[in-house]
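To keep things clear, I will list the structure first and then write my remarks on it.
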Amino acid sequence: MLLELQNVSKTYHTAKSDVCALNDLTLTIDAGQFQAVQGPSGCGKTTLLLIAGGLLAPDSGTVLVDGTNPYSLPPNERAQFRASNIGFVFQQFHLIPYLGVLDNVLAPAIASGRTDAQARAEELIAHFGMQDRLHHVPAQLSTGERQRTALARALLNEPKVLLADEPTGNLDHENAAAVLGHLKEFTAGGGAVLLVTHDDRAVEYAESVTNIDGGQIVAPQPA
Amino acid sequence: MNVWRLVLREILHRKLNFAMGLVSVAVAVGCFVGARTLLRADEIQTEQAGKALEDSMRKITKGLGFNILILPEDQDVNELHTEGTLTKSMPYEYVERLANSKIVTINHLLPMVVRKVRMAEIDKIELPPAESETSMYVIGTRGEVPLVHRDLKKPLEDHVPAGTMVVGFQIGKKLQLKPSKPSKKKSGKKNAQKGEAKKAKPKTLETVNFLGREFKITKVKPELGNRDDSTIWINLTESQELFDSKNLVNGILALECNCATADRVAEIRNDLERILPGTQVIESGPPALARAEARNQAKQVAVKNLEQHQSFAGVLVPLVVLGCGTWIGLLAFGNVRQRSSEIGILRAIGLRSVQILLIFLGKAILIGLIGAVVGYAAGFGFGMAMGTLPEATDAWSQLFAPELLLATLLIAPAIAALASWIPAVLASRQDPAMILQAD
């Protein structure tokens with residue numbers, strides 16, 4: 001298993017009330033598997049992704065990424081582990097506004113210290129058809145180009161797991177298809193993808209779809 | 001890709017934020033360097049102008065403000081020069097006559113009774129047998145007699161009240177008394193008019209018996225290196241009684257006399273011949289003393305000016321540095337808030353806290369470094385332009401201080417980093433999950 005969440009629970013404590021985002025959720029993804037998670041807004045999809053990505057510690061339960069529990073690592077080692085093993089793609093792209101495409105794609109190399117980062121970045125950018133946009137900042141790119149840049153950035157350090165949060169939410173059909181195609185391509189190379197989405201188009205690319213509601217899996221169904 | 005590239009790219013993207021920080025550092029450094037350069041210019045100017053002023057004062061005092069001694073006509077001047085004392089007398093009424101005259105060449109009249117007596121006449125002075133005949137001078141003085149036709153001026157010589165005694169340095173030493181500290185005298189006409197009645201009662205340092213009378217020593221003069229060191233001053237009337245010279249004086253000292261002609265003594269003699277016939281006039285006291293005093297005063301004024309500038313800079317510069325440091329901190333805080341989304345994604349892709357810290361501190365260090373260079377150049381230029389140096393001075397080489405440049409290049413980035421420290425730490429501790437969820 002590349003990604004394993006066992007009996008994971010997470011509750012947000014606010015001044016007014018406690019909100020249970022995940023309740024005893026178990027989910028596993030194998031190498032080469034494309035797993036989609038669907039559910040209504042506020043059902044805990046993003047929380048699931050952050051917990052799986054080593055960014056948000058669960059209240060209980062275990063998270064294993066390629067056999068390692070990231071939350072058992074000291075903060076700096078966890079960051080290093082994240083840089084090497086996990087890639088993120090967000091709906092809002094989260095590109096750094098003052099960096100060009102090349103530098104945005106290269107940003108994870110600050111953390112990994114990868115020596116062949118430049119060549120790898122150029123290769124990815126060419127693969128995503130953006131070689132003529134190397135020095136364009138995000139404001140000069142279309143939304144599809146921004147998401148492809150974010151995807152290239154997520155893939156720079158050759159992660160084992162790719163976590164995607166509504167990656168097609170802001171894209172038209174053509175660009176969404178391109179992005180999903182690239183995610184599928186990633187799994188073909190042995191990686192694992194966990195995609196949380198509302199988009200039914202995305203589900204078509206997944207090998208399995210998990211529905212969650214109220215922090216729990218409600219009805220797993222084959223794609 | 002590394003942290004510095006990220007810092008540089010961000011600086012180029014948010015130029016205004018960087019420029020405001022840069023200006024802030026440049027102002028603080030410029031203020032510091034400008035003040036130091038001006039003070040250095042001040043020191044050089046004080047040094048050089050002080051020399052020029054001393055020279056001017058020497059030339060001025062050479063021609064002005066000399067002292068004369070009016071003596072009875074039958075007084076042998078050789079006796080004064082060889083024995084240091086006067087044996088002939090003239091009526092005290094002469095002083096009043098002179099004071100009531102309209103003479104303009106004379107200032108500050110000091111009638112006096114002068115005697116040379118054995119030092120052992122003061123009961124508390126114990127001398128070894130070999131020195132038992134050691135002499136000292138006694139001067140009876142009433143202080144200054146004001147000239148009726150002139151406004152009151154600050155007296156040059158203090159009144160010695162009856163029953164009191166002022167002693168010279170050597171006499172004080174024999175009595176094991178230390179020289180009195182100079183009192184802070186208020187100058188000017190107003191103070192002179194208040195009169196002696198309102199003066200604070202002087203502290204008694206010692207009580208002695210002198211020629212059968214009790215005197216309280218109220219002051220020990222500092223060492224002057226002349227015969228004043230071996231002189232005591234008592235009240236004029238008492239001295240007249242002690243030396244059986246009632247209504248008589250041995251001489252009248254006139255200080256700071258002014259003459260229009262080159263032969264100044266002759267001019268005064270001519271004036272006095274009409275007012276005080278039967279007297280003679282000689283010049284008294286080395287003018288070098290007056291000139292030395294003037295030089296000292298000129299030096300004191302220059303040093304005081306420099307001290308005032310130093311204390312002003314000592315207050316202003318820390319205030320500006322503090323203000324600019326606070327401003328840099330606020331700018332860094334705003335920068336952190338503006339970049340929270342970026343911090344979230346950088347943490348998500350694996351950057352460690354220390355790398356996030358370095359991104360913000362690196363920017364602050366760059367602001368400090370470039371601000372230091374700009375501020376040094378501006379401050380030095382300002383100091384060069386505003387600092388008034390004498391002509392023919394190689395200002396650049398005299399004012400340029402490499403150690404100051406080095407200090408600003410080290411201190412400014414350190415202060416900028418320190419000012420940005422809290423915002424940078426806050427940035428490094430931001431929870432990426434919260435940021436990404438909020439977005």
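Miscellaneous remarks
- Summed side-chain charge close to B:Glu206 - residues other than B:Glu206 whose Cβ falls under 10 Å, Lys, Arg +1, Asp, Glu -1: +2
- Placing unit charges on the Cβ atoms of the charged side chains and taking the dipole of the protein assembly as shown about its Cα centre, the candidate lying farthest along the positive direction among A:Thr143, B:Gln75, B:Met20 is B:Gln75.
- Remark: accessible area buried at the A-B interface is about 2400 Å², both chains counted, probe radius 1.4 Å.
- The figure for B:Arg347 is an accessible area of roughly 30 square angstrom, using a 1.4 Å probe on the protein chains alone.
- In the complete set of protein chains, residue-level accessible area for A:Asp200 is approximately 110 Å², probe 1.4 angstrom.
- Spacing of the two label points (7 Å from each Cα toward its C-beta) at A:Val218 and A:Gln140, in nm: 4.6 nm
- Accessible surface calculations at 1.4 Å, restricted to protein heavy atoms, place chain A at 39 Å² per residue.
- Lys, Arg +1 and Asp, Glu -1 on Cβ, resulting dipole of segment A:66-139 about Cα centre, debye, nearest 20: 180 debye
- At least 20 Å² accessible surface lost relative to isolated chain, residues of segment A:103-151 (1.4 Å probe): A:Asp103, A:Leu106, A:Ala107, A:Pro108, A:Ile110, A:Ala111
- Threshold 10 Å² - residues in segment A:56-95 whose accessible area is reduced by that much or more when the chain is no longer isolated, probe 1.4 Å: A:Leu56, A:Asn76, A:Ala79, A:Gln80, A:Arg82, A:Ala83, A:Phe88, A:Phe90, A:Gln92, A:His94
- Cβ-based charge dipole, the protein assembly as shown, positive-most Cα from B:Pro91, A:His13, B:Thr46: B:Pro91
- Largest to smallest in accessible area, the residues B:Lys124, B:Lys178, A:Lys16, B:Lys221 fall in the order A:Lys16, B:Lys178, B:Lys124, B:Lys221 (1.4 Å probe, all protein chains included).
- Residue by residue along B:9-18, Cβ atoms of other protein chains within 10 Å of the local Cβ number 2 on average.
- Extension gain for B:Glu283-B:Glu307 works out to 4.7 nm (0.36 nm per residue, less the C-alpha to C-alpha distance).
- Residue order by solvent-accessible surface for A:Cys20, B:Cys31 is A:Cys20, B:Cys31, largest first, with ligands and nucleic acids left out and a 1.4 Å probe.
- HN-Hα J in Hz across segment B:350-358 - Karplus 6.51, -1.76, 1.60, θ = phi - 60°, x for Gly and Pro: x, 5, 7, 4, 5, 6, 5, 4, 5
- Under 5 Å, built H, 5+ apart or other chain: amide partners of B:Lys124: B:Asn209
- With 30 Å² as the minimum drop in accessible area between chain alone and full protein complex (1.4 Å probe), the qualifying residues in segment B:395-439 are B:Ala433, B:Leu436, B:Gln437, B:Asp439.
- Computed from the C-beta positions of A:Asp30 and B:Leu316, the FRET efficiency with R₀ = 56 Å rounds to 0.20.
- Length added when fully stretched, B:Glu131-B:His81, from 0.36 nm per residue minus Cα-Cα: 15.7 nm
- Cα-Cα over 23 Å, subset of B:Lys116/B:Lys181; B:Lys102/B:Lys246; B:Lys88/B:Lys173; B:Lys124/B:Lys246; B:Lys173/B:Lys216: B:Lys116/B:Lys181; B:Lys102/B:Lys246; B:Lys88/B:Lys173; B:Lys124/B:Lys246
- Summarising the strand pairing of the protein assembly as shown, around 65 percent of its internal DSSP beta bridges are antiparallel.
- Magnitude of the charge dipole, chain A, Cβ model with Lys/Arg +1 and Asp/Glu -1, debye to 20: 440 debye
- This model, with +1 at the C-beta of Lys and Arg and -1 at the C-beta of Asp and Glu, gives the protein assembly as shown a dipole about its Cα centre of some 2220 debye.
- Percent of C-alpha pairs per 10 Å bin, segment A:3-222, short to long: 8, 34, 36, 18, 3, 0
- Exposure check, 1.4 Å probe, all protein chains in place: A:His13 carries approximately 140 Å² of accessible surface.
- Positive-end extreme of charge dipole, segment B:323-422 - chosen from B:Ser420, B:Gly344, B:Thr326 (charges on Cβ): B:Gly344
The values are calculated or read from the model by the stated rules, or taken from the named source; none is laboratory data. Computed from a prediction, not measured in an experiment: that's the story for all the values here. All Cβ positions, even for glycine, are placed from backbone atoms using ideal geometry, and neighbour counts span all protein chains on display. For the accessible areas, the whole protein counts, side chains as well, though only heavy atoms, and no ligand, DNA or RNA atoms are used. Shrake-Rupley method; radii C 1.70, N 1.55, O 1.52, S 1.80 Å.
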